[in-house]
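What follows is a single structure, written as structure tokens, with notes after it.
The values are calculated or read from the model by the stated rules, or taken from the named source; none is laboratory data. All values reported here derive from a predicted model rather than from experimental measurement. Cβ placement follows ideal geometry from the backbone for every residue including glycine, while neighbour counts extend to all protein chains displayed.
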Amino acid sequence: MNDLWTQAVMVMGLVVLAYYFVTLAVNLAVLWASLGLLGRKMRVASAHLDLPEERAEAVSVPVPAFNEEVTILDTVRALLRQDYPRFEVIVVNDGSADGTLELLRQEFGLRPLDPAGEGPLPCGQVRGLFISESCRDLIVVDKENGGKADALNAGLNAARYPLVCCVDADGLLEPDALKKLACQFARDDRVVAAGGVVRPLNGCQVENGGVVQAGVPPTLTGRVQAVEYLRAFLSGRFGWEKGSGLLIVSGAFGMFRRDVLLEAGGYADSLGEDMELTLRLHHRLLGEKRLYRVITAVAALCRTQVPETLRGLRTQRVRWHRGLDQALWRHRGMVLRPRYGTVGMAALPVFWFIELLGPVIELTGYGMLAALLLLGGPTTAALLVFAMAYLHGLTQSLTALVTEGRVYPSPDDPLRLAGACLLEPLLYRPLLALRRCQALVTMGRRARWSAISRKRLS
């Protein structure tokens, strides 16, 4: 090898090595914080602290729906069966071109309502407002297509209650999920946003909108995502919450105080509308020096379908990473600003370096290792670094799997997830890094609903 090639490899190797050491240090710190907080949350959840009805604030549940005829009925049925004293479900049909609206009309007997007039948040034109004749807690808003954020704003305009819980149209809530999430607001007046725990629905047995038997996804693609979800909540959400640096309340299942959302201007047009909103809440409330909390409820469970094809996974992850880029760029002024506390001084820099730019460094590392193996060179150190990264990722995943504690009907299910833990760093991580880099190349495109194949649940 010539001197120039050697120097280039050494520089790239130092960058990759620094990235992995920083990632390792951050992940270990977050995991340690997460385990401590998770233990306390589980003890509280196991105490079965019921929410007194007089303290249960009414909840509006907006459900944005675009071409969701396959899943919408099961989602609505699951929501209407929630064990909660006072709530309403608001399905926002965002210009669907399939039978979403007609299925709702047939199933729930919709009759027109007089529009309440223009709401506080801007959104696309509302073509009709309906209420179910069989269930007075179900409202349907029919509007022109405007994207997910626009549909959520229409739902907020129609909402009547002080708490708002946003749920995706393919999500199934456990019967007590709404109560367990609303409890967080009753126990602590400082809570302005609370996210639930999201798990894959693939592999579960569903009947009439309810999960009657849990299971793991039948495909390897689905199982590695199940592992990813476990790890994301254990070593991500809970750890950052303890440090007051939680940057995302999942759009699949998240609850907010409606007045705070209206103050912040509702949802913005973005591919990552959930993270962008969470950052905007931090930006506003920290800037005003208000006392508040953004948390995750460990016992509030929502299940959602994950893509089981590589094409579907690519579509989803490109969209997610572009959304991450949009959210971070819009709030770049918070980075390394002491007035924004942990969010500005720790969480945002970590997300810029590890989450946004990390895939580029990871792909550089894979390419460097391949070049060294093909052309001959000092591969020992590089292999040690990747072995360390592999063991670190494996340890995180297995810890999340053991800590999960949910009982699967088949003893083979945890073993299949453990097998996915072994393969995920070798197969899934490189693919994910490639798709995230692809997202960086396609930055700046207009946000829009993306079509991901769904399967009928029941």
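Residues in the range 135-153 that are of a type in the set (D, E, K, R) and either assigned to a helix (DSSP H, G or I) or closer than 15 Å to Thr75 by Cβ (or both): Asp137, Lys148, Asp150.
Within the range 404-417, can you find the residues that are assigned to a helix (DSSP H, G or I) and crowded, with 16+ Cβ neighbours inside 10 Å?
Within the range 404-417, Glu404, Asp413, Pro414, Arg416, Leu417 qualify.
Of all residues in the range 279-333 being of a type in the set (S, T, N, Q) and within 22 Å of Phe351 (Cβ to Cβ), which is surrounded by the most Cβ atoms within 10 Å (Cβ to Cβ)?
Start the filter on the range 279-333 by keeping residues that are of a type in the set (S, T, N, Q), which leaves 296, 304-305, 309, 315-316, 326.
Of the ones still in play, those that are also within 22 Å of Phe351 (Cβ to Cβ) are 296, 316, 326.
Values: Thr296: 27, Gln316: 16, Gln326: 21.
Filtering first and then ranking leaves Thr296.
When residues in the range 92-114 are screened for being surrounded by fewer than 14 Cβ atoms within 10 Å (Cβ to Cβ) and under 28 Å from Ala264 (Cα atoms), 1 of them pass.
Inside the range 270-320, residues that are touching a helix residue (DSSP H, G or I) at 6+ places or on another chain (Cβ under 7 Å), outside any helix (DSSP H, G or I) and of a type outside the set (Ser, Thr, Tyr) make up a count of 13. Considering the range 133-160, and only residues there that are among the charged types (D, E, K, R) and more than 15 Å from Val61 (Cβ to Cβ), the residue that is surrounded by the fewest Cβ atoms within 10 Å (Cβ to Cβ) turns out to be Glu133.
Any idea how many residues of the range 163-220 are assigned to a helix (DSSP H, G or I) and either touching an Asp or Glu at 6+ places or on another chain (Cβ under 9 Å) or among the hydrophobic types (A, V, I, L, M, F, W, C) (or both)?
Step one: filter the range 163-220 for residues assigned to a helix (DSSP H, G or I), giving 177-187, 220.
Then keep just the ones that are either touching an Asp or Glu at 6+ places or on another chain (Cβ under 9 Å) or among the hydrophobic types (A, V, I, L, M, F, W, C) (or both); that gives 177-183, 185-186, 220.
Count: 10.
Exactly one residue among Leu138, Leu220, Leu113 is touching a strand residue (DSSP E or B) at 6+ places or on another chain (Cβ under 6 Å) and at pLDDT below 95, and that residue is Leu113.
Right, Val164: touching a Lys or Arg at 6+ places or on another chain (Cβ under 6 Å) and farther than 16 Å from Ala65 by Cα or not? So that I can check it myself, show each step before the final result.
On the way: touching a Lys or Arg at 6+ places or on another chain (Cβ under 6 Å): yes; farther than 16 Å from Ala65 by Cα: yes.
Yes; evaluated as a whole, the condition is true for this residue.
Among the residues of the range 254-263, none qualifies, meaning not one is at pLDDT 95 or above, assigned to a loop (DSSP other than H, G, I, E, B) and either more than 30 Å from Pro217 (Cα to Cα) or out of contact with any helix residue (DSSP H, G or I) (no Cβ under 6 Å at 6 or more places or on another chain) (or both). The set of residues in the range 88-123 being part of a helix (DSSP H, G or I) and among the β-branched types (Val, Ile, Thr) consists of Thr100 alone.
The set of residues from the range 438-458 being modelled with pLDDT of 80 or more and surrounded by fewer than 17 Cβ atoms within 10 Å (Cβ to Cβ) comprises Gln438, Leu440, Val441. The single residue among Gly323, Gly333, Gly365, Gly344 that is modelled with pLDDT of 85 or more, assigned to a helix (DSSP H, G or I) and more than 22 Å from the chain's Cα centre (by Cα) turns out to be Gly333. Here Gly215, Gly195 are screened, and the one residue that is in contact with a strand residue (DSSP E or B) (Cβ under 8 Å, 6 or more places away or on another chain) and either at pLDDT 95 or above or crowded, with 23+ Cβ neighbours inside 10 Å (or both) is Gly195. Of the residues examined, Leu384 is not one that is under 22 Å from the mean Cα position of the chain (by Cα), in a helix (DSSP H, G or I) and surrounded by fewer than 19 Cβ atoms within 10 Å (Cβ to Cβ). Residue selection: Leu156 satisfies the criterion of being assigned to a helix (DSSP H, G or I) and closer than 21 Å to Gly124 by Cβ.
Of all the criteria given as (1) surrounded by fewer than 24 Cβ atoms within 10 Å (Cβ to Cβ); (2) farther than 12 Å from Ser34 by Cα; (3) at pLDDT below 95, the one not satisfied by Gly236 is (2).
Applying the selection to the range 60-81, what residues are over 21 Å from the mean Cα position of the chain (by Cα) and either part of a strand (DSSP E or B) or crowded, with 21+ Cβ neighbours inside 10 Å (or both)? Steps first, please.
Keep residues of the range 60-81 that are over 21 Å from the mean Cα position of the chain (by Cα), which gives 69-70, 73, 77, 80-81.
Residue satisfying the conditions is Leu73 alone.
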